[in-house]
Structures are given as structure tokens and as C-alpha cells.
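This report refers to the structure that appears directly beneath it.
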Amino acid sequence: MKSYDIIVVGGGHAGIEAAIAPAKMGLSVALVTMEKNAIGRMSCNPAIGGSAKGHLVHEIDALGGVMGVIADRTGIQFRTLNKSKGPAIWAGRCQSDRKLYSEEAVRVVSETKNLEIVEDSIVDVMVEDGKIVGAKTLSGKEMKCKAVIIASGTFLNGLMHTGLKSKKGGRFGETHQQD
Ligand SMILES: Cc1cc2nc3c(=O)[nH]c(=O)nc-3n(C[C@H](O)[C@H](O)[C@H](O)COP(=O)(O)OP(=O)(O)OC[C@H]3O[C@@H](n4cnc5c(N)ncnc54)[C@H](O)[C@@H]3O)c2cc1C
């Protein structure tokens, strides 16, 4: 059974930062995500920043994270929003090339030392004496670890409502059901 310091579940924006930070500190990390090429995939409008999230991107950047760096490398338009109003509400926003952003995220994660990408789905955690000691995958693997960070996003078991009709769904083309 393979052993890691940390298992991160999910390779979205949160999982990328959660995996890279401890790996940079020398801990061994497994980033388990369903599809390697979906690492860093943006949902729809590929904007990084803006008045709601811009401060978060700057904070991640100040802490040594990669979101702002990847946005800079893949940006196709950079703007400061709300310039007609006072500086308190100005906000930087980058429109990235959606496909390039994900490709660059895959490259950055793949090139991080101490970090292994595992293409699978975590279905359970292993607990001994009230402590997490590992995780189990859909394909039947058992992986040992000292901690699990769950960054599985918002799509699983999602329900989409159109008028009175509801159907199961999530990001186009991705598994969204965790039965
Ligand atoms: C339509 C839409 C448009 C949006 N537009 C913007 C925008 O323009 N700008 C912006 O900043 N934000 C936008 N957002 C919000 C943004 O997409 C989310 O805030 C962001 O994706 C959340 O990142 P995350 O890492 O938490 O989750 P996600 O990006 O959802 O990543 C989670 C990952 O975990 C994987 N996963 C889940 N469960 C498991 C498991 N058990 N085992 C292994 N892997 C698992 C999933 O497959 C997925 O790859 C938008 C969201 C939506 C829905």
C-alpha cells in the first residue's frame, strides 16, 4: 500500500493549491482527481479576479500559490474593474484562455516535486482510533496517509432545475454522481 503525508481529493482550483503548498514544504502528497486533464478546469466564464474574488487571488499569490501565476501566463485580457468609481472598489480581473489555463495547471502540478497525481476517485477514508490513516479509491486502491484534504468542489450529486423540471448534472462531460 502506498503511503503519503497528505492525500488531496480533487484537482480544481482549491485542490491545486492544497496539494502544491505542502509538497513545496517537503511533504509527500497525492492529488487524487477523476481526470488528470480536468485539473484546473474552469467552469464557464474563464475569469480570475473581480470584486468578489480578486482579493482571494491576491492572498493566494502572497502565500506562494499558483492561481495568479497561471492566470498571468494564460491571460488574454487584463482589466481593472470599476475605474469610474473610487479606488476602494477597484478590482483586477483577468480573462484567461480556458483551455490554456487547464493545460498550464496540469503542467505546473505535474512538475511539482513530492507531488503525485493519481487519476481515480476517493470513495472512503480509513479511520483508526478516531484518526484518518488513509483513503480508498473507486478502483479499489488503498492509500495510507497522515491527513486528507477534501477539495471536491460543488458538482457532485448536483441537481439542475429548469422551471418545474429537475435533472442530475454538473460540469459538462464530467462525472457528477457519487453513488
Ligand atoms: C457555471 C459556473 C461559472 C463559473 N464562473 C466562474 C468565473 O468566471 N470565475 C471564477 O473565479 N469562478 C467561477 N465559478 C466558480 C468556480 O468554478 C468555483 O469556485 C471553483 O471551480 C471551485 O473550485 P474547487 O477546487 O473548490 O472545485 P472544482 O473546480 O469543482 O474541482 C473539484 C474537483 O474535484 C474532483 N472530485 C470531486 N470528488 C472527487 C472524489 N471523490 N475523488 C476525486 N476527485 C474528486 C472533481 O472531478 C473536480 O475536478 C463558476 C462556477 C460555475 C458553476
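Going by the structure shown, is Thr74 closer than 24 Å to Gly173 by Cα and within 9 Å of the ligand (Cβ to nearest atom)?
Details: closer than 24 Å to Gly173 by Cα: yes; within 9 Å of the ligand (Cβ to nearest atom): no.
It is false that Thr74 is closer than 24 Å to Gly173 by Cα and within 9 Å of the ligand (Cβ to nearest atom).
Go through the stretch 150-166 and count every residue that is modelled with pLDDT under 90 and over 30 Å from Ala21 (Cβ atoms). Walk me through it before giving the result.
Taking the stretch 150-166 as the starting set, the residues that turn out to be modelled with pLDDT under 90 are 153-160.
Within this subset, residues satisfying the condition of being over 30 Å from Ala21 (Cβ atoms) are 159-160.
The qualifying residues number 2.
Restricting attention to the stretch 58-67, does a residue exist that is within 12 Å of the ligand (Cβ to nearest atom), surrounded by fewer than 21 Cβ atoms within 10 Å (Cβ to Cβ), at pLDDT 95 or above and not assigned by TED's automatic domain parsing to the domain that holds Thr137? If you could, list the steps in order and put the result at the bottom.
To start, the set of residues in the stretch 58-67 that are within 12 Å of the ligand (Cβ to nearest atom) comprises 60, 67.
Filter again for surrounded by fewer than 21 Cβ atoms within 10 Å (Cβ to Cβ), leaving 60.
Then drop every residue that is not at pLDDT 95 or above, which leaves 60.
Still in the list and also not assigned by TED's automatic domain parsing to the domain that holds Thr137: 60.
Yes, that holds for at least one residue.
Which of the residues spanning the stretch 3-27 are assigned to a loop (DSSP other than H, G, I, E, B) and surrounded by 18 or more Cβ atoms within 10 Å (Cβ to Cβ)? Even if it seems obvious, please write down each step before you answer.
From the stretch 3-27, those assigned to a loop (DSSP other than H, G, I, E, B) are 4-5, 10-12, 25-27; that's our starting set.
Hits for the stretch 3-27 are Tyr4, Gly10, Gly11, Gly12.
As an exercise: evaluate Val32 against (1) of a type outside the set (Ser, Thr, Tyr); (2) outside any helix (DSSP H, G or I); (3) buried (at least 19 other Cβ atoms within 10 Å of the Cβ); (4) not assigned by TED's automatic domain parsing to the domain that holds Val133 and give the number of the one condition it does not meet.
Of everything listed in (1) of a type outside the set (Ser, Thr, Tyr); (2) outside any helix (DSSP H, G or I); (3) buried (at least 19 other Cβ atoms within 10 Å of the Cβ); (4) not assigned by TED's automatic domain parsing to the domain that holds Val133, Val32 misses just condition (4).
Which numbered condition in (1) within 10 Å of the ligand (Cβ to nearest atom); (2) touching a helix residue (DSSP H, G or I) at 6+ places or on another chain (Cβ under 6 Å); (3) not in a helix (DSSP H, G or I) is the only one that Ser43 fails?
So Ser43 meets the others, but not (2).
Which residue out of Ala88, Ala147, Ala105 is of a type outside the set (Val, Ile, Thr), at pLDDT 95 or above and over 13 Å from Thr33 (Cβ atoms)?
Details: Ala88 fails: at pLDDT 95 or above; Ala105 fails: over 13 Å from Thr33 (Cβ atoms).
The match here is Ala147.
Out of all the residues in the stretch 159-169, is one or more surrounded by 12 or more Cβ atoms within 10 Å (Cβ to Cβ) and either of a type in the set (Lys, Arg) or in the same structural domain as Val8 (by TED's automatic domain parsing) (or both)?
Initial filter on the stretch 159-169 (surrounded by 12 or more Cβ atoms within 10 Å (Cβ to Cβ)): 169.
So of that shortlist, the ones also either of a type in the set (Lys, Arg) or in the same structural domain as Val8 (by TED's automatic domain parsing) (or both) come out as 169.
Yes, there is a match, as at least one residue in the stretch 159-169 is surrounded by 12 or more Cβ atoms within 10 Å (Cβ to Cβ) and either of a type in the set (Lys, Arg) or in the same structural domain as Val8 (by TED's automatic domain parsing) (or both).
Please verify whether the stretch 146-155 includes one or more residues that are touching a Ser or Thr at 6+ places or on another chain (Cβ under 7 Å) and surrounded by fewer than 18 Cβ atoms within 10 Å (Cβ to Cβ).
From the stretch 146-155, those touching a Ser or Thr at 6+ places or on another chain (Cβ under 7 Å) are none; that's our starting set.
No, the stretch 146-155 has no match at all.
The values are calculated or read from the model by the stated rules, or taken from the named source; none is laboratory data. Not measured: the values here are computed from a predicted model. Quick reminder, even Gly has a Cβ in these numbers, built from the backbone with ideal geometry, and neighbours come from all protein chains shown.
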